[in-house]
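To keep things clear, I will list the structure first and then write my remarks on it.
No value in this document is a laboratory result; all are computed from the given coordinates. Source: prediction; values computed, not measured. No Cβ is skipped: glycine too gets one built from the backbone with ideal geometry, and neighbour counts run over all protein chains shown.
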Amino acid sequence: MYKLRTKITLSYVIISLVIVGIIGIIANVMLEKIFREYVINALQQKNTEIVSQIADSYNPKTNMWSHEVLDSIGMNALANNLFVKLKDKEDVYVWDAWKHNNGLCTLLLQNMSQNMYKRYPKFNGEYTEKNYDIVVHNTKVGSVDIGYYGPYFYTDSDLKFINSLNVMLAVVVIFSLAIALILGLYISFRLTDPISKVINAANQITNGNLSERVTVKSRTKEIHELISTINNLAETLEAVEGLRKQMTSDIAHELRTPLSTVRSHMEAMIDGIWKPDTARLKSCHEEIMRLNRMVDDLKKLSEFEANNLKLTKTSFDFSELIDRITLNFEAAFVNKGIQFTTNNYYTGAFYGDRDKISQIIVNLLSNALCYTDKGGEVSVTTTQIDENMVITVCDTGIGMLEKELPFIFERFYRTDKSRTKATGGTGIGLTIVKSLVLAHEGTIVVESQLGEGSRFIVKLPLKNFV
Ligand code: ADP
């Protein structure tokens, strides 16, 4: 497996190599072609120039050329690697470069052939001559053969020019490769550095170090999201771990009180300090029943919390549900001497988890029943306010202190007043209610005054109703 850094750097180098290579090849081929055409044109132009110079130097009066001028034209042409052979109209050579300086001509021809073979080892060139008529005042006065190394040739300075072009291309290649390498290394570092930090943090989190966070910043969207995902994951894990610890200590704490009560009762009876009479056994039994309720509630809570999001939503008749619950509670309220009324103002259908909505109302009514004394009143009202269905459970019971209200939805929380009651619950009922209300995207608030009574208001959005 390759490192991301190696891969990115390598791809940068390969891409630049390919691009520079293509540009290099195209430039080379094109430049060479253009240069060749330029050389051939220049040759043509020089030939024409020589012909017109020769024509200009002809003296029509004497029908002759000045030898001095011809020498100068011929030598000038030789300097340009062109071999002039001039004949008059009788085909008699007037000036011949080969005769003038045979050694120099051979040397020049050799040099050019060497130049061309150096550049193109398979070059198929040879000494070539082109013939032009010399025309003065519309009369042919002679002809000239201009010889050169054909079909075209490069002089020393031409070769120098081509070579320097190639050197320039090589420099461009080297520079682009170096820049690609540096850029590749830099960009891959910018990309891989935060990723390695995320990997380190994830490893730390795996090893149980849940407070670990990735602090590095990245302006790459995906890496930024990866960092926040890992940080969110760590936060969630830390919160869950905190809750788990809190819950374990809460449960241990809550179980300790009834267990030590039962244990001390039992020990007193075993030691013969107390007689195992009905009253004492009943008290033990009550504690055991409380423990039993607590375990049941805990089981329920863990089920609800685990399935929080797994609501089995259906559309159901809400007033029918309230009627059924009311019917189940009626006898209990009558037995306790409490006046119980139901006001069903919401008669429509509701879309939600029927069992869980039922559990919310049952828990609130159980509390009202539990914390209201004989002669009191309890009512349950349902209405629609805006886009919400509102359930209000009202009682004239023992009520709660204002400072206790923020805590009553915490698990195991019980107010001082209720703790003194023998029939006190486990402090889990309202925790269940809150988690069920939240699962339905609703809200729950409580209004209460000590000794006056309490009012629980549950708002469940009807927008879920489709
Ligand atoms: P419990 O099983 O103890 O009733 P809950 O979670 O249902 O547990 O309630 C938490 C605490 O809130 C109760 O112990 C009680 O002190 C207080 N509480 C709940 N409902 C009422 C009420 N209707 N009137 C007075 N106090 C209440």
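Convex hull of alpha carbon positions in segment 327-413: directionally averaged projected area 6.9 nm². Shape index of the chain: Rg/Rh, with Rg the Cα radius of gyration and Rh the Kirkwood radius from the inverse mean 1/r over Cα pairs, equals 1.59. Could you run the Debye sum over the Cα atoms of segment 26-66, one equal point scatterer each and no solvent, and tell me log10 of I(q)/I(0) at q = 0.21, 0.22, 0.27 Å⁻¹, two decimals? The calculated log intensity ratios at q = 0.21, 0.22, 0.27 Å⁻¹ are -0.68, -0.71, -0.83.
Volume per residue for segment 83-240 equals 199 cubic angstrom (convex hull of Cα atoms). Each peptide among 40-48, 118-126 gets the average number of other Cβ atoms lying within 10 Å of its residues, and from highest to lowest they stand as 40-48, 118-126. Its residue count N sets the reference 2.2 N^0.38 Å, and the alpha-carbon radius of gyration of segment 245-297 equals 1.30 times that reference. Alpha-carbon geometry of segment 211-369: the Rg and the Dmax are 24.5, 77 Å, given in that order.
Each Cα pair of segment 1-159 feeds into the Kirkwood radius, which the Stokes-Einstein equation turns, at 10 °C and 1.306 mPa s, into a diffusion coefficient of 85 µm²/s.
Counting Lys +1, Arg +1, Asp -1, Glu -1, what net charge surrounds L4 among other residues with beta carbon under 14 Å of its beta carbon? So the surrounding residues net to +3. Considering only the Cα atoms of segment 192-261, their convex hull presents on average a projected area of 5.2 nm². Scalar couplings 3J(HN,Hα) for segment 441-458, obtained by applying the Karplus form with A = 6.51, B = -1.76, C = 1.60 to θ = phi - 60°, are 6, x, 9, 9, 10, 10, 10, 7, 9, 4, x, 9, x, 9, 9, 9, 10, 10 Hz; x denotes Gly and Pro. Helix content alone sets the calculated 222 nm mean residue ellipticity of the chain: runs of n ≥ 4 DSSP H residues at -39500 (n - 2.57) each, divided across all residues, give -20500 deg cm²/dmol.
Take the Cβ atoms of Q246 and D193, set R0 to 35 Å, and the FRET efficiency comes out at 0.40.
Between the beta carbons of Q45 and I22, assuming R0 = 51 Å, the FRET efficiency works out to 0.90 to the nearest 0.05. Every Cα-Cα pair of segment 310-466 was included, and the share exceeding 26 Å stands at 23 percent. The share of alpha-carbon pairs in segment 256-350 lying farther apart than 18 Å comes to 71%.
Of all alpha-carbon pairs in segment 43-82, indicate the percentage at a distance above 11 angstrom. The calculated P(r) of segment 43-82 puts 63 percent of pairs beyond 11 Å.
The stretch between A202 and Y93, if pulled fully straight at 0.36 nm per residue, gains 29.6 nm over its current Cα-Cα span.
With all pairs of different C-alpha atoms in the average, the Kirkwood value for the hydrodynamic radius of segment 139-231 is 19.3 Å.
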